[in-house]
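Below: one structure, written as structure tokens.
The values are calculated or read from the model by the stated rules, or taken from the named source; none is laboratory data. In this text, all values refer to a predicted model and were calculated from it rather than measured experimentally. Counting neighbours? That spans all protein chains shown, and the Cβs are built from the backbone with ideal geometry, glycine included. Only protein heavy atoms, including side chains, enter the accessible area calculation; ligands, DNA and RNA are left aside. Shrake-Rupley method; radii C 1.70, N 1.55, O 1.52, S 1.80 Å.
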Amino acid sequence: MIQFPQQLHAIHKFRRNDEIYIADLETGHTFPINEIIEEVLEHCVHLSTDQIIEELAVRYNRFEVLENLNFLSKLANLGLLFSPVRYQEERVSTADRLKIFVAPGFLEHRDTASFSLNAANHHLLTMLVNHAEVYLGFPEVNENQEEIEKRFDVDGIKPIFFPSRNRTDSVIKFIPKDCDGILSLSPISLGEQIFLKSTAIPFFVRVCNETLATEQGINRTLEKYTALREYDAVVCDASWTAPFFSQLVSDTEMNGFHCVPYGVDVSTFRPMDKANAKRQLAQAVGNPKIVDKLLVGVVPGLNIRSAIALLRQLSAANPDVHWLVIHPSLERYFSTSETVSVFSIRNFQDKEASPFVFNALDMAIFPAVLGTSSSYLLELAACGIPLIVWGYNEPSEVADACRFFQVEPSPFDSLRPPIASISEAIQQLMESSGERKKLGMKAREVAVSYTWDATVKQLLSCFSDCQQKRVINHKQTSSFSFTKHYNRAQGTLEFRVRDLLDGSPIYNIEKAIAMTLSDRHTAMEVEALLLHLCQDADRVKRIMAEVRET
């Protein structure tokens with residue numbers, strides 16, 4: 001049997017007298033095909049043979065699918081439709097690879113980050129080594145270095161050990177001189193900001209949407225972003241992250257935001273037999289009613305109190321629905337519920353089970369808001385689950401492949417999920433299995449383009465673009481970081497400055513400006529600027545006296 005993926009010849013498809021024809025433009029042959037072969041040719045570049053069989057077996061007889069694959073195999077042996085060399089992603093040669101240093105700060109937060117986020121970062125680095133030279137910093141402690149490396153086992157990563165007893169800025173001494181970029185995986189540590197002040201290497205801050213659920217997380221991102229230079233970048237994992245921050249920073253500042261979603265393994269997350277998946281889930285959670293009722297998945301994406309309120313409102317508005325909540329901390333709140341089950345992804349076993357669990361769903365509700373794990377969106381889509389999405393903006397990841405309801409992205413007001421609109425969409429999809437099937441197929445079609453390989457290539461492309469903006473004659477600057485501060489309670493944006501060397505906040509911005517300028521300007525020049533800013537001579541004198549004493 002023919003083995004996919006394979007690279008197609010240049011082909012042209014057309015219809016005549018209700019028949020489908022395909023023209024192989026490279027060989028000059030034209031012949032009729034059926035709908036099964038038409039779908040195979042749509043997927044053969046990206047999916048394996050087994051994946052295509054499972055994809056089509058949902059809609060066609062499996063024997064007919066295999067029969068048509070044998071027909072395509074005969075055409076391939078004749079040199080028709082497919083290139084003789086099997087299509088595959090080529091490993092980038094060592095000479096052409098970028099050199100990327102991964103800042104070690106994220107390792108300190110692995111115990112507190114969600115399992116899904118840790119798994120995504122691990123997968124990202126695993127794929128990154130196929131296209132780049134990757135260095136990862138490890139602090140030297142009283143352990144054998146081999147044991148340290150085993151705690152983060154990714155083949156191909158080159159470990160760099162630095163003395164843990166020294167300050168964080170000592171790590172800079174161990175970064176390769178010809179490094180093309182520094183990648184900091186969220187959450188970035190305060191000490192890693194020193195890299196921005198002491199090296200000309202482009203710096204990428206990876207901001208994961210699920211770390212932005214709190215005011216602290218938002219402020220942490222604002223602090224790091226305002227410290228970036230014109231050739232650095234914030235790399236978000238969700239398309240709806242930047243629109244929120246566009247209300248807190250100027251339009252010109254938004255040029256530093258890039259969206260690079262995490263990839264999805266479409267060979268693992270794929271459509272499966274829904275009836276069988278429901279039976280297995282019902283047995284696992286001990287609730288046989290799941291088999292007979294409409295099962296809707298919910299990714300809350302809100303704090304626990306708001307998530308509970310959301311589920312209660314949805315349950316009240318849709319009494320004929322059983323709910324499966326995908327959340328790590330809500331089990332105890334619904335342990336006695338007959339209509340709400342909870343699925344938590346806390347370890348490898350849960351992750352391995354998630355494709356089967358997702359396939360049991362008839363549809364899923366996903367919030368495109370801060371605090372949601374963006375990986376769930378593509379994993380659900382890859383399983384062919386019809387999506388009802390609400391949030392700030394329709395996610396570009398599943399544009400035109402979901403039912404979307406927009407809410408105003410006010411940074412200072414509580415989010416109000418559109419319960420009535422979501423419930424109406426649930427009822428409409430409940431009554432139309434054809435519409436559910438159509439929406440699920442669209443979701444699957446868009447998800448297959450978000451491979452891990454594509455994610456890494458997009459990330460490295462951003463690094464290459466930033467290298468072109470890089471400041472060649474970089475000089476060490478002050479350790480102060482001027483930043484905006486988000487205060488939800490008062491509904492305001494405040495302005496602060498922080499000393500990166502010791503982490504202390506300094507609220508006298510004029511003093512920080514004077515100390516920064518003193519490195520390159522005379523006292524008279526600094527005083528002239530302060531007089532212009534303060535319009536208060538006595539205050540300027542006090543500030544200058546404090547600067548001289550510092």
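Couple of notes before you dig in:
- Residue 433, sole failed condition from (1) surrounded by fewer than 21 Cβ atoms within 10 Å (Cβ to Cβ); (2) touching a residue at least 60 places away in the same chain (Cβ under 8 Å); (3) more than 27 Å from residue 286 (Cβ to Cβ): (2)
- Only helices (runs of 4 or more DSSP H) whose full extent lies in the range 496-550 are considered here, and the ones with at least 1 residues that are open to solvent by 80 Å² or more (accessible area, probe 1.4 Å) are 523-534, 537-549.
- Restricting the range 448-464 to residues that are crowded, with 19+ Cβ neighbours inside 10 Å and of a type in the set (Ser, Thr, Tyr) leaves a set whose member that is farthest from residue 359 (Cα to Cα) is 455.
- If you check 200, 242 for being at pLDDT 85 or above, closer than 23 Å to residue 464 by Cα and either in a loop (DSSP other than H, G, I, E, B) or open to solvent by 10 Å² or more (accessible area, probe 1.4 Å) (or both), only one passes: 242.
- Odd one out for residue 60 among (1) in contact with a helix residue (DSSP H, G or I) (Cβ under 9 Å, 6 or more places away or on another chain); (2) modelled with pLDDT under 80; (3) closer than 17 Å to residue 33 by Cα: (2)
- Filter pass, residue 493 being in contact (Cβ under 8 Å) with a residue 40 or more places away in the chain, crowded, with 18+ Cβ neighbours inside 10 Å, under 17 Å from residue 224 (Cα atoms) and of a type in the set (A, V, I, L, M, F, W, C): no
- Any hit, the range 427-434, residues being at negative phi, of a type in the set (Gly, Ala, Ser) and within 18 Å of the chain's Cα centre (by Cα): no
- Of all residues in the range 246-271 being modelled with pLDDT under 80, in a loop (DSSP other than H, G, I, E, B) and not hydroxyl-bearing (Ser, Thr, Tyr), the one that is least open to solvent (accessible area, probe 1.4 Å): 249
- Among the residues of the range 209-220, none qualifies, meaning not one is surrounded by 21 or more Cβ atoms within 10 Å (Cβ to Cβ), assigned to a loop (DSSP other than H, G, I, E, B) and not hydroxyl-bearing (Ser, Thr, Tyr).
- Qualifying residue in the range 520-531 (condition: at pLDDT 85 or above and within 30 Å of residue 412 (Cα to Cα)): no
- Checking each residue in the range 221-239 for being open to solvent by 20 Å² or more (accessible area, probe 1.4 Å) and assigned to a helix (DSSP H, G or I) picks out 223, 225, 226.
- Taking the criterion of being assigned to a strand (DSSP E or B) and either at positive phi or surrounded by fewer than 23 Cβ atoms within 10 Å (Cβ to Cβ) (or both), the residues of the range 390-406 that qualify are 391, 403, 404, 405, 406.
- For residue 417, the conditions (1) in a loop (DSSP other than H, G, I, E, B); (2) at pLDDT 90 or above; (3) within 21 Å of the chain's Cα centre (by Cα) all hold with the exception of (3).
- Complete set of residues in the range 397-417 that are under 12 Å from residue 443 (Cα atoms) and of a type in the set (Gly, Ala, Ser): 399, 401
- Taking the range 497-519 as the range and being among the aliphatic types (A, V, I, L, M), more than 17 Å from residue 198 (Cα to Cα) and at pLDDT below 75 as the test, only 506 passes.
- Just one of the numbered conditions (1) surrounded by 21 or more Cβ atoms within 10 Å (Cβ to Cβ); (2) over 24 Å from residue 325 (Cα atoms); (3) within 19 Å of the chain's Cα centre (by Cα); (4) not polar (S, T, N, Q) is not true of residue 445: (1).
- Hits in the range 1-27 (condition: in contact with a strand residue (DSSP E or B) (Cβ under 9 Å, 6 or more places away or on another chain) and hydroxyl-bearing (Ser, Thr, Tyr)): 21
- Test set (1) part of a strand (DSSP E or B); (2) touching a helix residue (DSSP H, G or I) at 6+ places or on another chain (Cβ under 7 Å) - residue 291 fails condition number: (1)
- Of all residues making up the range 317-333, the number that are under 14 Å from residue 285 (Cβ atoms) and either among the aromatic types (Phe, Trp, Tyr) or surrounded by fewer than 20 Cβ atoms within 10 Å (Cβ to Cβ) (or both): 2
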